[in-house]
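Data block below; observations after.
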Amino acid sequence: MTKNENRGTAERTPFEQVRRGILRALYEGRYVPGQRLAAPDLMRDFDVGRGTVREVLQRLASTGVVTIAANRGAQVRRLTRDEVSGILDVVEVLLGLAARGACGAMRDADVREGLERRYSVMSCCAPATEFHRFVEAREDFYRYLVASPGNAELQRVFPAIQVQIMRVQLRAFDRAADSTDLSDYVDLFAAILSDDPSRAESAGRAHVRRTLDRVLSLPDRAFEPGGGALVERPLR
């Protein structure tokens, strides 16, 4: 870790340390959809007060990461079939936009080399036997793809954490949301390098629709029952 990284970590507020810690645990699968986030446990794990934990959980509830219910406290959000479909509908549009922008960005040799390197690392993984290595490489590829157009607003609105909650929730069902078939990425990568923005956008959207088709074919037990609106309640 560099000196600047050390300074950045040291200067994080307790709120940011807890918020980032919970999000990291979600990405790593240490917290799973439906899991209760008990305030005393979080206070102990992060060495912070109850007020900080309450503030973090309220923020995470406002962004759809957790739900807060009377007499049950906070839980990692578990998604209904309709919610999963809605997330992927949004991702389809945004990944198409990212692929279109990335296509133009590939005219810069350094940017192109960066995507090629990440694609190569991902392609060398064997998801069946190196799943965690594949997941890390895939996330690095996606992050670079979304960032490469230089559109800060796109990066801000992309629902990355909701996608991760969906993936973790559905891993017991043949990892349907994880896109572990490397052939899923071939057309997308080729289209981004094609210097044809329309082709790249179409490939990005088709890439997400393949995941949506797999997900929607799953049995009802893969999803939280119901399809009503998310209800948030204040922590006491």
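The values are calculated or read from the model by the stated rules, or taken from the named source; none is laboratory data. Given the structure is predicted, the values throughout are model-derived calculations rather than measurements. Positions of Cβ are backbone-derived with ideal geometry, glycine not excepted, and every protein chain shown enters the neighbour counts. Keep in mind that these areas ignore ligands, DNA and RNA; they rest on the heavy atoms of the full protein, side chains included. Shrake-Rupley method; radii C 1.70, N 1.55, O 1.52, S 1.80 Å.
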When segment 82-95 is checked residue by residue, the ones that are surrounded by fewer than 19 Cβ atoms within 10 Å (Cβ to Cβ) and either touching a Ser or Thr at 6+ places or on another chain (Cβ under 8 Å) or among the charged types (D, E, K, R) (or both) are D82, D89, E92
Considering only residues that are open to solvent by less than 40 Å² (accessible area, probe 1.4 Å) and of a type in the set (A, V, I, L, M), look in segment 127-138 and name the one that is farthest from R100 (Cα to Cα). V135
Residue under evaluation V65, criteria (1) hydrophobic (A, V, I, L, M, F, W, C); (2) touching a strand residue (DSSP E or B) at 6+ places or on another chain (Cβ under 8 Å); (3) more than 30 Å from A206 (Cα to Cα), criterion not met: (3)
Output the number of the condition that M43 fails; it satisfies all remaining conditions of (1) part of a helix (DSSP H, G or I); (2) open to solvent by less than 40 Å² (accessible area, probe 1.4 Å); (3) touching a Lys or Arg at 6+ places or on another chain (Cβ under 7 Å). (2)
What number of residues within segment 99-126 satisfy the criterion of being surrounded by 13 or more Cβ atoms within 10 Å (Cβ to Cβ), without any contact (Cβ under 8 Å) to a residue 40 or more places away in the chain and over 22 Å from the mean Cα position of the chain (by Cα)? 1
Using beta carbons and a limit of 9 Å, which pairs, at least six apart or on different chains, have the first residue in segment 173-199 and under 21 Å from D213 (Cα atoms) and the second one outside any helix (DSSP H, G or I) and hydroxyl-bearing (S, T, Y)? D174/T180; A176/S217; Y185/S179
Every residue from segment 46-69 that is in contact (Cβ under 8 Å) with a residue 40 or more places away in the chain and in a helix (DSSP H, G or I): R54, E55, V56, L57, Q58, R59, L60, A61, S62
G96 being in contact with a Lys or Arg (Cβ under 6 Å, 6 or more places away or on another chain) and either acidic (D, E) or on the phi < 0 side of the Ramachandran plot (or both): yes
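To keep it simple, each residue is scored yes or no on (1) more than 30 Å from R72 (Cβ to Cβ); (2) at pLDDT below 95.
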site	(1), (2)
S120	yes, no
A137	yes, no
N151	yes, no
D181	yes, yes
G204	yes, no
V208	yes, no
L218	no, no
F223	no, no
P234	no, yes
Exactly one condition in (1) open to solvent by 60 Å² or more (accessible area, probe 1.4 Å); (2) modelled with pLDDT under 95; (3) assigned to a helix (DSSP H, G or I); (4) closer than 22 Å to R171 by Cβ is false for L26; which is it? (1)
Pick from segment 46-78, criterion aliphatic (A, V, I, L, M) and surrounded by fewer than 18 Cβ atoms within 10 Å (Cβ to Cβ), ranking: modelled with the highest pLDDT: A69
Checking F141 against (1) closer than 20 Å to Q164 by Cα; (2) in contact with a helix residue (DSSP H, G or I) (Cβ under 8 Å, 6 or more places away or on another chain); (3) surrounded by fewer than 18 Cβ atoms within 10 Å (Cβ to Cβ), only one condition comes out false. Which one? (3)
